[in-house]
């Protein structure tokens, strides 16, 4: 038994080495997405929506285009229940499959536990809209991509939006904003940013903690009532969100002056609150609904052919489903961009990383992808792994979300120094030397010129 | 705690010495040479860490009969103590920082054990529940503990012992295995010593134990300290060797229950019980998941598969506890006796 195991291990090691050395050699042209999904447990609503949307888009690309330039997209799921150790187990189980493009856990805890592992294995880790803020600095975190939005730019985006509600950022002076945050590391992460923005724009900020899970908020809302804030920002999680909306209604605070963050913006957050949620506004990076051509194609070509992933077709176009579709678009386009450099074949994780670092989708390209209005644009670089995602705000009318703002650009320039300081501290702690992005980009440009000259 | 099974106070170590030796040869000799990174990273390292936590809780609940729901809190204390020790005392070698982390957890255990001098049974369980919530609150509230990291999540330091790096899957497994082996040996010495017999005496009848001269208060506190020491080191292993990142949410009440179930299903008042229980609770679900995935293929809905596994696992637990309420260790004993009788 040990001998056979050892033989098998040797064979496996051999295969892996061969695969790493010559990705072109053995495989049929397939690009594989390992999915650490969660369809069971307390966060199943988000998990089924997000991974459903992601799979729907991969299905659409295979059915409509025959894959990406002929490279078929494949995937398989491992259930994590949103638990870190299950996520690690799925990672270890699926990481030896050939042709992995990127990991997309949609879980902060799992993502943190994977940073070391994916960096050693040289495969991208995509944490769309969430994840570690300082991983925005691609010089220190070459394989981590918190695409579109990190917690700091979310905070800045919300304040920009409140500025437009007040009639200009300068009008925020003298206003009072209460931030109701979940009593967890996630909830507390933006405390210094709100404090800093309050100082800059001259508004008063009161940050009030709701202990986990947040199913009792009488005293917090009494405080808010005494405070009489102009706006309340809801930085909630799970059951805390509907309870906040209901308690606000009881204390007489109008829902349209409550603004939710990205983890308080889904149907699951408002439907349980019933009437109390009418008028509630929340931030998002992708608009809801099915009006966008790409969602229509998902409905027609994927669900029409009976291959849809959502069990309930009514959830097509919901917040998490559209986020999944958007995540699919970003992953597929990163693969396509990387293929442009390395050839239309199965790519290695490191080649897809290059694709993500050149993931530049302007408004014209977004429209060509059928996603005009679904999201604005993205511009990822070697140093900026977030990619300047714009945000918009949606209002709940009791049945659906409606966009009520323009695409707002957070104030990235003022956040960058804080992010760089944190990333530099991480690099120092771990003995890493930050990459020289300018040199890498120059080398890329030189390579492109040489190729053009040769042609 | 009269409902607890009266297992033999002395573990059957000498009788099974041969088997134990074979197990160690397997664990140290054969597994590291032949195992895959999946085996180390996904199965053995978490198995060892939680088995060790189970061992620690068994000292308290199995041997001394004191029910605790705060195991995850002691794991957290151990993990964060080890993190802070290696962060703030950079020259401290890893074994020393693990040992000191164990002592910090033992101090926390002593404090948590004070109510045990007055409370028993479910009332004590409730007071340990308070520890569970207090530690979670403190980790969330006091930024210094997680080095003022904005997200409260810390990254574990590299595993280096005496200049040798153990920072690959095999190395992490070997570090965990060595720590677990040493602590199991210490625990075995403890439970077969007079102090160990005092623990059992308090569990079986506290008044009688007091009458024959057992120092009840001191022994109870010792049980809390020793148990928390072991659980604290298990927490450090969980954080450093397994996840390599620590967030407070990973040490919630669910984890405490998981450790309690490991001990109950494995067998209260036995050292083997923790390992058998950890095998059942940690490894078996993963094997079931892999079996299900292998049988049904990638296309099958992973949520349904998960539900089926839960049903199978639940049925197994019910069946086991009907057949043998004293846990897997007792089941194994009985099987061994039957085999012996047949052979004789």
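Read the figures in this text as sums done on the coordinates, not as results from a lab. All values derive from a computational prediction rather than experimental measurement. Ideal geometry is used to build each Cβ from the backbone, glycine not excepted, and the neighbour counts take in all protein chains shown.
Using a 10 Å cut-off around each Cβ of peptide A:106-117, what is the average number of partner chain Cβ atoms that fall inside? List each step's numbers first, then the result.
Numbers: counts 0, 0, 4, 6, 2, 2, 9, 9, 2, 3, 7, 3.
Neighbouring Cβ atoms belonging to other protein chains average 4 per residue here.
Given the options B:176, B:193, B:302, state which has the largest fluctuation in a GNM of chain B using a 10 Å cut-off (strictly under) for Cα springs.
Evaluated over chain B, the most mobile residue of the options is B:302.
Would you list B:222, A:347, B:55, B:321 from fewest to most Cβ contacts within 10 Å?
So the ranking, lowest neighbour count to highest, is B:321, B:222, A:347, B:55.
Relative contact order of the stretch A:152-284, please, whole-number percent, based on alpha carbon pairs below 8 angstrom and at least 6 residues apart.
In percent, rounded to a whole number, it is 23.
Compute the acute angle (0 to 90°) between the alpha-carbon long axis of helix A:437-454 and the principal axis of greatest extent of the alpha-carbon atoms of chain A; round to the nearest 10°.
50 degrees
Looking only at other chains, what is the average number of their beta-carbon atoms within 10 angstrom of each beta-carbon in B:307-315?
Per residue, the average neighbour count from other chains is 1.
Sort A:97-108, A:321-332 for me by packing, meaning the mean count of neighbouring Cβ atoms within 10 Å per residue, highest on top.
Going by the mean number of other Cβ atoms within 10 Å, highest first, we get A:321-332, A:97-108.
In percent, what relative contact order does the stretch B:241-280 have, based on Cα pairs under 8 Å that are 6 or more apart in sequence?
The normalised contact order for the stretch B:241-280 reaches 28 percent.
For the peptides A:301-309, A:70-78, A:176-184, what is the packing order when you average, over each peptide's residues, the other Cβ atoms within 10 Å and list the highest mean first?
Sorting A:301-309, A:70-78, A:176-184 by mean packing, highest first, produces A:176-184, A:70-78, A:301-309.
For chain A, what does the relative contact order come out to in percent, with C-alpha contacts under 8 Å and a separation of six or more?
Computed over chain A, the figure is 19 percent.
If you line up the long axis of helix A:240-251 against the longest principal axis of chain A, both from Cα atoms, how many degrees apart are they, to the nearest 10?
Roughly 10 degrees, rounded to the nearest 10.
Across peptide A:79-91, how many C-beta atoms of other chains are within 10 Å of each residue C-beta, on average? Don't skip to the end; give the middle numbers.
Details: counts 11, 2, 3, 0, 3, 7, 11, 5, 1, 8, 10, 4, 3.
Mean shielding by partner chains, rounded to a whole number: 5.
Report the antiparallel proportion of the DSSP beta bridges in the protein assembly as shown as a percent, rounded to a multiple of 5.
35 percent
State, to one decimal in nm, how far the label point of residue B:165 lies from the label point of residue A:446, with both points 7 Å from Cα in the Cβ direction.
2.9 nm
Sorted by average packing, counted as other Cβ atoms within 10 angstrom per residue and highest first, what order do A:130-140, A:356-366 take?
Per-residue mean Cβ counts within 10 Å order the peptides as A:130-140, A:356-366.
How tilted is helix A:84-94 with respect to the longest principal axis of chain A? Cα atoms for both, answer in degrees (0 to 90, nearest 10).
Its long axis makes an angle of about 20 degrees.
Can you tell me how chain A classifies by the Cα gyration tensor, rounded, prolate or oblate, using a/c under 1.5 as the rounded cut?
Cα axes put chain A in the prolate bin.
For the stretch A:152-284, go through all pairs of different Cα atoms, get the mean of 1/r, take its inverse, and jot down that Kirkwood value in Å.
After inverting the mean inverse Cα-Cα distance, the result is 14.4 Å.
Quick check on the exposure proxy: order B:238, B:137, A:401, A:407 from fewest to most C-beta atoms within 10 angstrom.
Sorted ascending by nearby Cβ count, the order is B:137, A:407, A:401, B:238.
Per-residue ellipticity at 222 nm for the protein assembly as shown, helices alone: DSSP H runs ≥ 4 residues times -39500 (n - 2.57), over residue total, nearest 500 deg cm²/dmol?
-17000 deg cm²/dmol
Return A:240, B:75 ranked ascending by Cβ neighbour count within 10 Å, so the fewest neighbours appear first.
A:240, B:75
Given a Förster radius of 35 Å and the C-beta distance between residue A:360 and residue A:453 as r, what FRET efficiency does 1/(1 + (r/R0)^6) yield to the nearest 0.05?
0.90
Using only alpha carbon positions, build the gyration tensor of the protein assembly as shown, then give the equivalent ellipsoid semi-axes as the square roots of 5 times its eigenvalues, largest first, whole angstrom.
Over the Cα atoms of the protein assembly as shown, the semi-axes work out to 46, 33, 25 Å.
Please compute the modelled spin-label separation between residue A:199 and residue A:404, points set 7 Å along Cα→Cβ, answer in nm with one decimal.
Once both label points are built, they end up 3.2 nm from each other.
For the stretch A:91-215, just list the percent of Cα-Cα distances falling in each 5 Å bin from zero outward, please.
All Cα pairs, binned at 5 Å, distribute as 2, 10, 17, 17, 14, 13, 10, 8, 5, 3, 1, 0 percent.
What is the spin-label model distance, in nm, from residue B:144 to residue B:252 if the labels are put 7 Å beyond Cα along the C-beta direction?
About 2.8 nm separates the two model spin labels.
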